Amino acid sequence: MEQKPGYIYILTNPSFPDYVKIGYADDVKSRLKQLNRSESTPFAFRCYATYKVNHRLSDLKLHTIIDKLDPTLRSIDNVDGKKRIREFYAMSAEDAYALLEAIAQINGLEENLKLWDMTKDEIRQKNLSEEINSEKKDRLSNFRFSYCNLKEGDVISSLENFEIKATIIDDNHITYNGMTYTLSGLAKEITNAKTIAGPRHFTYEGKILSEIREKIEKEKC
């Protein structure tokens, strides 16, 4: 009986940027539709690359190779006393592709490799996810005006409304309409958001505070 060719796939998902999903499918697009019907992840899976193979178990062989190279990469957990081994690996899509590429080169089958182009919607989702993750880091990290070379008496403006101006009174606080706030505190009041990264919502001389801080930190490196 003639073997039907299939594909080893590398999938990415902005919901967990530190992992890739490596598996096998006869039809990658159908597999994507199946995965993306689930509402358990904020963003959709996308195909980063595929490698055409002639054997259904080829992905299991690839899993074995990766596990032997570094068994800590595989996503493994225990739920209700049962061990769950997933197709997720803590590696970049580029590293996963490099592994497939090496296998293809060994077998002289480079033409079986395919890198998939991102659609406009996938690019939008990726950018949105990166923005959300960046905002989360900003919320969790301590911010001081001195990180932006700002000092007491300097005036900053709201990104949502440049007419809203606040004056820095110390390294962590501002005053607006006679009341004292943190950056995030005033940003929440202006936007009615429950959680918000203040440095992303205020500017100094037209430049966003988080970007000023990022630029200064890069210059120090």
(request) Select from region 41-78 the residues that are farther than 21 Å from D18 by Cβ and among the basic types (K, R) and write down the one among them that is modelled with the lowest pLDDT. (result) R56
(message) If I ask for residues that are over 21 Å from V53 (Cα atoms) and surrounded by 16 or more Cβ atoms within 10 Å (Cβ to Cβ), which ones from region 16-34 would you list?
(response) F16, Y19
(message) Residues that are β-branched (V, I, T) and free of Cβ contacts under 8 Å to residues at least 40 places away in the same chain: does region 3-13 have at least one?
(response) no
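With the structure loaded, tell me whether I174 is without any contact (Cβ under 8 Å) to a residue 40 or more places away in the chain, out of contact with any His (no Cβ under 6 Å at 6 or more places or on another chain) and surrounded by 13 or more Cβ atoms within 10 Å (Cβ to Cβ) or whether it fails that test.
Taking the combined requirement at face value, the residue satisfies it.
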(message) Could you check region 197-221 and list, in sequence order, the residues that are outside any helix (DSSP H, G or I) and without any contact (Cβ under 8 Å) to a residue 60 or more places away in the chain?
(response) H201, F202, T203, Y204, E205, G206, K207, I208, C221
(request) Test M118 against the criterion of being at pLDDT 85 or above, part of a loop (DSSP other than H, G, I, E, B) and assigned by TED's automatic domain parsing to the domain that holds N36, and give yes or no. (result) no
(message) When you check S129 against the structure, is it closer than 17 Å to K21 by Cβ and modelled with pLDDT under 75, yes or no?
(response) yes
(request) Determine whether region 183-196 contains at least one residue that is over 18 Å from S146 (Cβ atoms), touching a Lys or Arg at 6+ places or on another chain (Cβ under 9 Å) and free of Cβ contacts under 8 Å to residues at least 24 places away in the same chain. (result) yes
(message) Within region 137-156, take every residue that is in a loop (DSSP other than H, G, I, E, B) and farther than 14 Å from F202 by Cα and give me the one that is modelled with the lowest pLDDT.
(response) S141
(message) When you scan region 179-186, do you find a residue that is more than 16 Å from F143 (Cα to Cα) and loosely packed, with under 13 Cβ neighbours inside 10 Å, even just one?
(response) yes
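The values are calculated or read from the model by the stated rules, or taken from the named source; none is laboratory data. In this text the structure is predicted, and so the values were computed from the model without any measurement. Every residue, glycine among them, receives a Cβ derived from its backbone with ideal geometry; neighbour counts consider all protein chains shown.
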